[in-house]
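The values are calculated or read from the model by the stated rules, or taken from the named source; none is laboratory data. What you are looking at is a predicted structure, and each value in this text was computed from that prediction instead of being measured. Don't worry about glycine lacking a Cβ; one is built from the backbone with ideal geometry, like all the others, and counts go over all protein chains shown.
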Amino acid sequence: MFTQSSLKYLALHALMLLALVCSSCKNSTPVTSHETAAEVKTQAAVQHPSDTLPAPTQVQSVVTVHSGKMKRDIDNTITLPQGYLAQGDNTCYPVVYLLHGYGDTHASWSQKFDLKDAATKHGVIIVCPDGQNSWYLDSPVDSTMQFETYVATELVNYIDTHYRTRADKASRAITGLSMGGHGALFLAMRHPEVFGSCGSMSGGVDITKFPDRWMLDKRLGKYAANKKAWADHSVINLVARLKPGQLNIIVDDGSQDFFYEVNMALHAALDKQGIKHDFSTRPGNHSWKYWCESLPKHLDFFDQAFAGKEVVCKTSINKSPTSPKVASSDTIKKKTNN
């Protein structure tokens, strides 16, 4: 027979064993009746959804993504940092969405600027979608032009699924030139839960000032009969919905650019709303020379945000009143391409 003291000893011992078992359960992955220990270990090793898909083999490639909303395929030029392809690399990278202008394609940036070097230098994935003169809007009059949904939702989801990305707003930036500058700010301001940083180079940020240009009436209907739609799709009218600190914003324009006045108005509207932003103008017109000088500044700006630092915002207005505001020769050939 057990004495009272031996029973107390056995009870204490049992409690100690139970505590050890519970501790072990907390620190291990449970194995269900349908899983083996090896399967659990394999699942734990999966760090990103893209690990289950074929790995990219090229630093830069054209990737076709299907748009469910438009029911058609869209081409995109995707540029990876060189380290992405290194054996054993499991780094997750920030993403910069880089938008082209009116009359151009997904390939235009890569033809004019060394995106491979930029992606490697800044440690980012650069995604250039084909915007097809859409102004990056969901057109209320053309179901084949639904590029707000495509870029902000469908493409972002595809990139985060198929590439090793840091899939959060703080690690996503979007910028672009001209039509793409408008598009980048428009998408970020309407989807601040998706993009943490945004920029515009020579952006057409108030489309209501250009009612007869660049096929805008094909996207929104004739201005005279659809003034509200035009106003609702203009970047400058979205400023009122912004909250301080919601987005990291960088905007610049050439002082000889035909969008100079609307960019100055955007700068004033952002200041009035109390929205911190980096704004600059310098001598230059609506040209690739200007945009190729601007892009490195935008990437440097985004680097701060990707590193988790407070971005440095400055204002620099460099006027050149003696130079005429003209479009460059390649712009004129494209009927004032923007």
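Of all residues in region 151-180 being touching a Gly at 6+ places or on another chain (Cβ under 9 Å) and in a strand (DSSP E or B), which is farthest from Phe195 (Cα to Cα)? Taking the candidates together, the pick is Leu177. Looking across region 96-120, the residues that are in contact (Cβ under 8 Å) with a residue 12 or more places away in the chain, over 18 Å from the mean Cα position of the chain (by Cα) and on the phi < 0 side of the Ramachandran plot come down to Tyr102, Asp104, Lys112, Phe113.
Residue-wise test of (1) modelled with pLDDT of 95 or more; (2) within 28 Å of Gly131 (Cα to Cα).
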residue: Asp278; (1), (2): yes, yes
residue: Lys289; (1), (2): yes, yes
residue: Leu299; (1), (2): yes, yes
residue: Ser316; (1), (2): no, no
residue: Lys319; (1), (2): no, no
residue: Ala327; (1), (2): no, yes
residue: Ile332; (1), (2): no, yes
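With the checklist (1) part of a loop (DSSP other than H, G, I, E, B); (2) buried (at least 20 other Cβ atoms within 10 Å of the Cβ); (3) not small (Gly, Ala, Ser) in hand, flag the one item Glu148 doesn't pass. The single condition Glu148 does not satisfy is (1).
For region 203-216, indicate whether the set of residues that are touching a residue at least 40 places away in the same chain (Cβ under 8 Å), aliphatic (A, V, I, L, M), in a helix (DSSP H, G or I) and touching an Asp or Glu at 6+ places or on another chain (Cβ under 9 Å) is non-empty.
No, region 203-216 contains no residue that is touching a residue at least 40 places away in the same chain (Cβ under 8 Å), aliphatic (A, V, I, L, M), in a helix (DSSP H, G or I) and touching an Asp or Glu at 6+ places or on another chain (Cβ under 9 Å).
May I ask you to list the residues in region 224-250 that are surrounded by fewer than 17 Cβ atoms within 10 Å (Cβ to Cβ) and either of a type in the set (A, V, I, L, M, F, W, C) or under 21 Å from Lys314 (Cα atoms) (or both)? Listed by number, the residues that qualify are Ala224, Ala225, Ala231, Ala240, Lys243, Pro244, Gly245, Gln246.
Looking at (1) within 11 Å of the chain's Cα centre (by Cα); (2) crowded, with 23+ Cβ neighbours inside 10 Å; (3) of a type outside the set (A, V, I, L, M, F, W, C), can you tell me which one Tyr163 breaks? Tyr163 satisfies all of (1) within 11 Å of the chain's Cα centre (by Cα); (2) crowded, with 23+ Cβ neighbours inside 10 Å; (3) of a type outside the set (A, V, I, L, M, F, W, C) except (1). Identify all residues within region 218-233 that are without any contact (Cβ under 8 Å) to a residue 40 or more places away in the chain and under 23 Å from Phe279 (Cβ atoms); write none if there are none. The one that is without any contact (Cβ under 8 Å) to a residue 40 or more places away in the chain and under 23 Å from Phe279 (Cβ atoms): Ala231.
Inside region 229-260, can you point out the residues that are at pLDDT below 90 and either assigned to a helix (DSSP H, G or I) or in contact with a Pro (Cβ under 6 Å, 6 or more places away or on another chain) (or both)? Before you say what the answer is, go through the steps one by one.
Step one: of region 229-260, the residues at pLDDT below 90 are 229-233.
Across region 229-260, the qualifying residues are Ala229, Trp230, Ala231, Asp232.
The C-beta contact set for region 67-82 (first residue without any contact (Cβ under 8 Å) to a residue 24 or more places away in the chain, second residue not aliphatic (A, V, I, L, M), distance under 6 angstrom, 6+ apart or interchain) comprises Asp73/Thr64; Asp73/His66.
Selection over region 73-118 of residues that are at pLDDT below 95 and part of a strand (DSSP E or B) gives a count of 0.
Taking the criterion of being surrounded by fewer than 20 Cβ atoms within 10 Å (Cβ to Cβ), touching a helix residue (DSSP H, G or I) at 6+ places or on another chain (Cβ under 9 Å), modelled with pLDDT under 95 and outside any helix (DSSP H, G or I), would at least one residue in region 119-127 satisfy it? Explain how you work it out, then say what you get.
Going residue by residue through region 119-127, those that are surrounded by fewer than 20 Cβ atoms within 10 Å (Cβ to Cβ) are 120-123.
From the residues that got through so far, the ones that are touching a helix residue (DSSP H, G or I) at 6+ places or on another chain (Cβ under 9 Å) too are 120-123.
With modelled with pLDDT under 95 added as a condition, the list becomes none.
No, region 119-127 contains no residue that is surrounded by fewer than 20 Cβ atoms within 10 Å (Cβ to Cβ), touching a helix residue (DSSP H, G or I) at 6+ places or on another chain (Cβ under 9 Å), modelled with pLDDT under 95 and outside any helix (DSSP H, G or I).
Selection of first residues in region 83-94 that are crowded, with 16+ Cβ neighbours inside 10 Å and of second residues that are at pLDDT 95 or above and part of a helix (DSSP H, G or I), restricted to Cβ pairs under 6 Å at least 6 apart or on distinct chains, gives the following pairs, ordered by first then second residue: Pro94/Ser171; Pro94/Phe306. In region 57-75, the qualifying residues are those that are out of contact with any helix residue (DSSP H, G or I) (no Cβ under 7 Å at 6 or more places or on another chain) and not charged (D, E, K, R), and the one that is surrounded by the most Cβ atoms within 10 Å (Cβ to Cβ) is Val63. For region 76-86, the candidate set comprises residues that are touching a helix residue (DSSP H, G or I) at 6+ places or on another chain (Cβ under 8 Å) and of a type in the set (Ser, Thr, Tyr); within that set, the residue that is nearest to Lys116 (Cα to Cα) is Thr79.
Anything in region 277-296 that is loosely packed, with under 15 Cβ neighbours inside 10 Å and closer than 21 Å to Cys313 by Cβ? List them, or say none.
Quick first cut of region 277-296, residues loosely packed, with under 15 Cβ neighbours inside 10 Å only: 283, 289, 296.
Residue satisfying the conditions is Pro296 alone.
The set of residues from region 101-118 being touching a Phe, Trp or Tyr at 6+ places or on another chain (Cβ under 6 Å) and within 15 Å of Ser202 (Cα to Cα) comprises just one member, Tyr102.
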